[in-house]
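First the structure, which I've put down as structure tokens, then a few questions once you've had a look.
The values are calculated or read from the model by the stated rules, or taken from the named source; none is laboratory data. These numbers were taken from a predicted model, which means no experiment stands behind them. Here the Cβ positions follow ideal geometry from the backbone for every residue, glycine too, while neighbour counts run over all protein chains shown. Calculation scope for accessible area: heavy atoms of the full protein, side chains included, ligands and nucleic acids excluded. Shrake-Rupley method; radii C 1.70, N 1.55, O 1.52, S 1.80 Å.
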Amino acid sequence: QVQLVESGGGLVQSGGSLRLSCVASGRTISSYAMAWFRRAPGKEREFVAAIDWRAGTTYHAPSGQGRFTISSDNAKNTVYLQMNSLKPEDTAVYYCAARAGVAKVNNDYDYWGQGTQVTVSS
């Protein structure tokens, strides 16, 4: 089992920034891939960004390209999502996810966190 705990969400004005954190614990996760997804009200959950823990390779959805950056601190078993230039349409619950093997941009992840709310006011 892998446990994932997100933090860092909150209310921010349009144009502001937030950094989300996801702490992973449980099994050895050095060979896992980690990702961030989000679900806006009334919409399907969508991919935001992913990182291959061991290789450090990153993937970002077009919606966050140039504004969102995923990174990791392997010593702390923590993955971050730095979000800049936030827009009201970024309002959603953001979820951290993990899977054994390579990162994917679909929902094919084995473990999920509880989510953290991000609200961007106009």
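In the range 1-87, which trypsin sites (Lys or Arg not before Pro) are in a loop and have at most 16 other Cβ atoms within 10 Å, using DSSP for the loop call?
Details: sites: Arg19, Arg27, Arg38, Arg39, Lys43, Arg45, Arg54, Arg67, Lys76; in loops: Arg27, Lys43, Arg45, Arg54, Arg67.
Qualifying residues, ordered by number: Arg27, Lys43, Arg45, Arg54, Arg67.
Sticking with this structure for a sec: Between Ser7 and Arg67, what length comes free when the chain is fully extended (0.36 nm per residue of separation minus the Cα-Cα distance, one decimal in nm)?
Working: separation 60, 0.36 × 60 = 21.60 nm, distance 1.90 nm.
Once the chain is fully extended between Ser7 and Arg67, it gains 19.7 nm.
What lysines could a cross-link reach from Lys43, if we take a straight Cα to Cα line under 24 Å and drop same-chain neighbours fewer than 8 places away?
Lys87, Lys104
Got a sec to turn the phi values of the range 116-122 into Karplus ³J(HN,Hα) couplings, 6.51 cos²θ - 1.76 cosθ + 1.60 with θ = phi - 60°, whole Hz, x for Gly and Pro?
Each residue's phi maps through the Karplus curve to give 9, 7, 10, 10, 10, 8, 8 Hz.
Further question: How much accessible area per residue does the range 54-111 have, in Å², with a 1.4 Å probe? Intermediate values should be presented prior to the final figure.
On the way: 2900 Å² over 58 residues.
Computed with neighbouring chains in place, this is 50 Å² per residue.
Just to compare against my own numbers: the Cα pair-distance distribution for the chain, 5 Å bins, whole % per bin, please.
Pairs per bin, as whole percents: 2, 13, 25, 26, 19, 10, 5, 1, 0.
In addition: At a 1.4 Å probe, what is the % contribution of carbon and sulfur to the accessible area of the range 31-80? Write out the running numbers ahead of the final one.
Numbers: 1140 of 2520 Å².
Roughly 45 percent of what the probe reaches on the range 31-80 is carbon or sulfur.
When the Karplus curve 6.51 cos²θ - 1.76 cosθ + 1.60 is applied with θ = phi - 60°, which whole-Hz ³J(HN,Hα) does each residue of the range 5-15 get, with x for Gly and Pro?
10, 8, 7, x, x, x, 9, 9, 7, 3, x
To the nearest 0.05, what FRET efficiency results for Ala100 and Ser14 with a Förster distance of 41 Å applied to their C-beta separation?
0.60
Using Cα centres only, tell me the gap between the range 1-69 and the range 92-113 in whole Å.
8
Using +1 on the beta carbon of Lys and Arg, -1 on that of Asp and Glu, and nothing else charged, what's the dipole of the range 15-122 about the Cα centre, debye to 20?
On the way: 12 positive and 8 negative charges, 19 e Å.
It comes to approximately 100 debye.
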